[in-house]
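The values are calculated or read from the model by the stated rules, or taken from the named source; none is laboratory data. Every value quoted in this text rests on a predicted model; they were computed, and no experiment measured them. Cβ: placed from backbone, ideal geometry, glycine included. Neighbour counts: every protein chain shown.
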Amino acid sequence: MRESQDTETAVPYAIRCVRCFRPMDRCYCDSVPSVDNQTNVLILQHRREREHPFNTARIVNMALKRCRLIVNHTPELARQFAETKLDANTVVLYPGDDVPLIGDFDLADRPTQLVVLDGTWHHTKTLMRDVPGLSSLPRVRLAPPQPGQYRIRREPNDHALSTLEAVVAALQQNEPESATVREQLDQLMATFHAMVDQQLKCPKSNWRANTRRTVGAPNTPRALLGSQENIVVVYGEQEQGDYRSTDDQPRPKHPAKPVYWMAQRMSSGETFEMAIENDCLNDSYFANRLQLSASQIQSAVSADEFRKQWQLFLRPSDILVVHHAGLAKLISVNKLCDHTCLILKAINAPDPESSTSVAPINETRAAERLANAIRLTLALSQQPTGKS
């Protein structure tokens, strides 16, 4: 035993560069070119990206002559963004329906400042929602001709780009006349590819391979197989948080309350739909996000009446189905019922791409999301019966 202890070799800690966060033997700082871009670039970085060793926004910030990177907790980030003076012709790089391509603008109309959100797809959606000034900016998008090359981080789809790839593509299209900038951007992409290739050569024990997570064994609950006679699919909207606030007010300590509730019984198609009185429904911005009509808001009932009607709708043998854990928590913390609650996102089953579509029962956001949950629930009922 003594001999084995003496011969055991301790694993040394890698000394890292304080600029790029990479081990010193893989530091890329000296290879990052200087890019004399004319378009001002403002990067809003989700705080969870700040110390990620494979984050590319820091490379962009090092390379671009006209670039600023802001990273903070979302409320503080929103405050800093609100205090930032933007160019008159500022756009945010963010996809969406009917969003123009950044390369489609005439010379006189080209953006002079580009706001870029840095983070995972979930993080960027959060920033777009919770940083008030972003929603008022015009959007532009990219149409990448080939999949992203950031093979050391998992991407949500084949055409997702890293922040560096997105910024380079945007500048190439917004400043196509500058041969110097084009050459400098090519050098920046060469540095990016070299960093990726270098990391891929490292032993796999030192990094997480960029592969899809292995899906576990099917775990569809027996209650969802077959007739689903006791299944009630539920979707609810909760009161708004402080996503538009830039002050330092503490968040309320009471749990979020439901403001709009929908459900459908799978066996009979019977539905439940009710708005619940809450001051936030008087906020037109919030009501529009939920796509609630004036008549639906006017028909809102008290919280006590909602509980009473919800209990009358439910049966003792019912099993609730919700799409995500947040809704299950909303039911639990508000003590809306004590029925078993199944979470669709926790079920290991392939996404039924060819499943039958389900029409929403009204025009609200809740109805659309309820319809999607019903579609998934119906698809699960058609799986072969097996162990749950």
Count of residues meeting criterion [closer than 21 Å to Phe286 by Cα and either in contact with a helix residue (DSSP H, G or I) (Cβ under 6 Å, 6 or more places away or on another chain) or not assigned by TED's automatic domain parsing to the domain that holds Ala169 (or both)] in the stretch 103-131: 3
Neighbours by Cβ (under 6 Å, 6+ apart or cross-chain): first from the stretch 294-314, within 14 Å of Val259 (Cβ to Cβ); second acidic (Asp, Glu) and surrounded by 11 or more Cβ atoms within 10 Å (Cβ to Cβ): Ala300/Glu277; Ser302/Glu277
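Here's the yes/no breakdown for (1) under 24 Å from Leu224 (Cα atoms); (2) modelled with pLDDT of 95 or more:
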residue: Ser302; (1), (2): no, yes
residue: Pro316; (1), (2): yes, no
residue: Gly326; (1), (2): yes, no
residue: Leu330; (1), (2): yes, no
residue: Asn334; (1), (2): no, no
residue: Ile347; (1), (2): yes, no
residue: Pro352; (1), (2): yes, no
residue: Thr356; (1), (2): yes, no
residue: Ile361; (1), (2): yes, no
If you go through the stretch 26-46 one residue at a time, how many are within 22 Å of the chain's Cα centre (by Cα) and among the acidic types (Asp, Glu)? 0
Going by the structure shown, is Leu171 on the phi < 0 side of the Ramachandran plot, in a helix (DSSP H, G or I), out of contact with any strand residue (DSSP E or B) (no Cβ under 7 Å at 6 or more places or on another chain) and modelled with pLDDT of 90 or more? yes
